[in-house]
Amino acid sequence: EAGVAQSPRYKIIEKRQSVAFWCNPISGHATLYWYQQILGQGPKLLIQFQNNGVVDDSQLPKDRFSAERLKGVDSTLKIQPAKLEDSAVYLCASSTHWANDEKLFFGSGTQLSVL
Amino acid sequence: AQSVAQPEDQVNVAEGNPLTVKCTYSVSGNPYLFWYVQYPNRGLQFLLKYITGDNLVKGSYGFEAEFNKSQTSFHLKKPSALVSDSALYFCAVNNQGGKLIFGQGTELSVKP
């Protein structure tokens, strides 16, 4: 089966610019996650969707980050305006449903560099 | 609040030797514990999980992990390391809240 698709693979922008990332989860997966992975750290959950509804966005910096999941399938994550500390790999993951014992399938990520 | 710690930033092992990557956790209630592996320029891949039952869990690529409730640990092990096992390994914990929390990762280097 096809995996989680993410684009672009790399992005370089200047601070205060805006950027958007796209994710297409595995077909049929109801739950979609966006994680931020800063170099040398483990992934940190930014937002979690169940179908097209937000389950958890408690760690999303809502003054600059936004995310949506169109029709419960694809998702976009946007940063506007970007700061230097936003430099990280942004990982999208999906799972069949939302459960404590559910394993996640990750995409390859988008590496963002903010100059 | 739940948390997970991986005390070693890097583990070096000779090929053919056993390996252990350590993980300790803190969570209220029963933990759901996971190990993921990340190869260079790739996303994380699921290795194994502990939910309940037998304390020794077997996973992909010959890896296993031992759950120890009294020591709140979930160490990843493999009897004989391969050079291809070299990667970044993440321990993660999930409690009743449904949020997966990752450790900071341990870089495993297996030398021929």
Selection over the range B:100-112 where residues are open to solvent by less than 10 Å² (accessible area, probe 1.4 Å) and of a type in the set (S, T, N, Q) yields a count of 1
Note on the range B:70-112: residues within 14 Å of chain A (Cβ to nearest Cβ), closer than 19 Å to B:GLY43 by Cβ, among the small types (Gly, Ala, Ser) and part of a loop (DSSP other than H, G, I, E, B) are B:GLY103, B:GLY105
Those residues of the range A:35-53 that are surrounded by fewer than 16 Cβ atoms within 10 Å (Cβ to Cβ) and under 13 Å from A:THR76 (Cα atoms) come to a total of 1
Taking the range B:1-21 and keeping only residues that are farther than 11 Å from B:THR106 by Cα and touching a Cys at 6+ places or on another chain (Cβ under 9 Å), one is left with B:VAL4
Sole miss for A:ALA2 among (1) of a type in the set (A, V, I, L, M); (2) surrounded by fewer than 15 Cβ atoms within 10 Å (Cβ to Cβ); (3) part of a strand (DSSP E or B) is condition (3)
Residue hits (the range A:38-49; within 10 Å of chain B (Cβ to nearest Cβ) and more than 14 Å from the chain's Cα centre (by Cα)) are A:GLY40, A:GLN41, A:GLY42
Within the range B:85-99, residues open to solvent by 10 Å² or more (accessible area, probe 1.4 Å) and at pLDDT below 95 come out as B:ASN95, B:GLN96, B:GLY97, B:LYS99
Picking from A:ALA67, A:ALA82, the residue that is in contact with a Lys or Arg (Cβ under 8 Å, 6 or more places away or on another chain), at pLDDT 90 or above and closer than 17 Å to A:ALA5 by Cα would be A:ALA67
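Which one is most open to solvent (accessible area, probe 1.4 Å) among residues in the range B:61-84 that are closer than 30 Å to B:SER28 by Cα and hydroxyl-bearing (Ser, Thr, Tyr)?
First pass over the range B:61-84, keeping only residues closer than 30 Å to B:SER28 by Cα: B:63-78.
Subsequent filtering for residues that are hydroxyl-bearing (Ser, Thr, Tyr) retains B:70, B:72-73.
Details: B:SER70: 106, B:THR72: 54, B:SER73: 5 Å².
Going through the qualifying residues, I end up with B:SER70.
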Item to check | Any hit, the range A:24-34, residues being assigned to a strand (DSSP E or B) and open to solvent by 20 Å² or more (accessible area, probe 1.4 Å) | outcome: yes
Subset of the range A:60-81, residues in a loop (DSSP other than H, G, I, E, B) and open to solvent by less than 20 Å² (accessible area, probe 1.4 Å), comes to A:LEU60
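When you look at A:LEU39, is it part of a loop (DSSP other than H, G, I, E, B) and closer than 26 Å to B:GLN38 by Cα, yes or no?
The answer is yes for A:LEU39.
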In the range A:82-115, anything farther than 24 Å from A:THR31 by Cα, open to solvent by 30 Å² or more (accessible area, probe 1.4 Å) and either part of a strand (DSSP E or B) or at the interface with chain B (Cβ under 8 Å from one of its Cβ atoms) (or both) is listed as A:SER113
Q) Just a yes or no: is a residue in the range B:1-8 modelled with pLDDT of 95 or more and open to solvent by 50 Å² or more (accessible area, probe 1.4 Å)? A) yes
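The values are calculated or read from the model by the stated rules, or taken from the named source; none is laboratory data. The shown structure was predicted, so the numbers you read here are calculated from the model rather than taken from an experiment. No Cβ is skipped: glycine too gets one built from the backbone with ideal geometry, and neighbour counts run over all protein chains shown. Ligands, DNA and RNA are excluded from the accessible area calculation, which covers all protein heavy atoms including side chains. Shrake-Rupley method; radii C 1.70, N 1.55, O 1.52, S 1.80 Å.
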